[in-house]
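Let me begin by presenting the structure, written as structure tokens, before commenting on it.
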Amino acid sequence: MKIKVLGPGCKNCEALHKSTLAAVEELGMSDAYVEYVKDISEISKYIMATPGLVVDEVVVHEGKPLPTAGKIKEILQKAKK
């Protein structure tokens, strides 16, 4: 599974990245690859408002409010099926 956290490096984007890494670890997803994309031109291919979360090239979250770690775990479990 390829996961992209999209954001220029702001506080909210950093928080989403940390929550995503925690969710992946808690779920024991050793096959997951988490990439933090900070390049604005790459981000704009997916979303208009940051932060964003992309799982296997599907946008699963954009903008605020930030999803909780629990919500991220739910998203990843659904995408895993």
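The values are calculated or read from the model by the stated rules, or taken from the named source; none is laboratory data. Quantities reported herein were computed from a predicted structural model and do not represent experimental measurements. Heads up, the Cβs are rebuilt from the backbone with ideal geometry, glycines too, and the neighbour counts pull from every protein chain shown. With ligands, DNA and RNA removed, areas are computed over all heavy atoms of the protein, side chains included. Shrake-Rupley method; radii C 1.70, N 1.55, O 1.52, S 1.80 Å.
Details
- Condition met for GLU57 (at negative phi and either open to solvent by 50 Å² or more (accessible area, probe 1.4 Å) or of a type outside the set (Lys, Arg) (or both)): no
- Hits in the stretch 16-25 (condition: surrounded by fewer than 20 Cβ atoms within 10 Å (Cβ to Cβ) and more than 10 Å from the chain's Cα centre (by Cα)): ALA22, GLU25
To keep it simple, each residue is scored yes or no on (1) closer than 12 Å to LYS4 by Cα; (2) among the aliphatic types (A, V, I, L, M); (3) in contact with a Leu (Cβ under 6 Å, 6 or more places away or on another chain).
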position	(1), (2), (3)
LYS38	yes, no, no
SER44	no, no, no
GLY52	yes, no, yes
VAL55	yes, yes, no
VAL60	yes, yes, yes
GLY63	no, no, no
THR68	no, no, no
LYS71	no, no, no
ILE75	no, yes, no
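- Candidate set from the stretch 26-54 (those that are farther than 17 Å from LYS80 by Cα, part of a loop (DSSP other than H, G, I, E, B) and in contact (Cβ under 8 Å) with a residue 12 or more places away in the chain); member that is most open to solvent (accessible area, probe 1.4 Å): MET48
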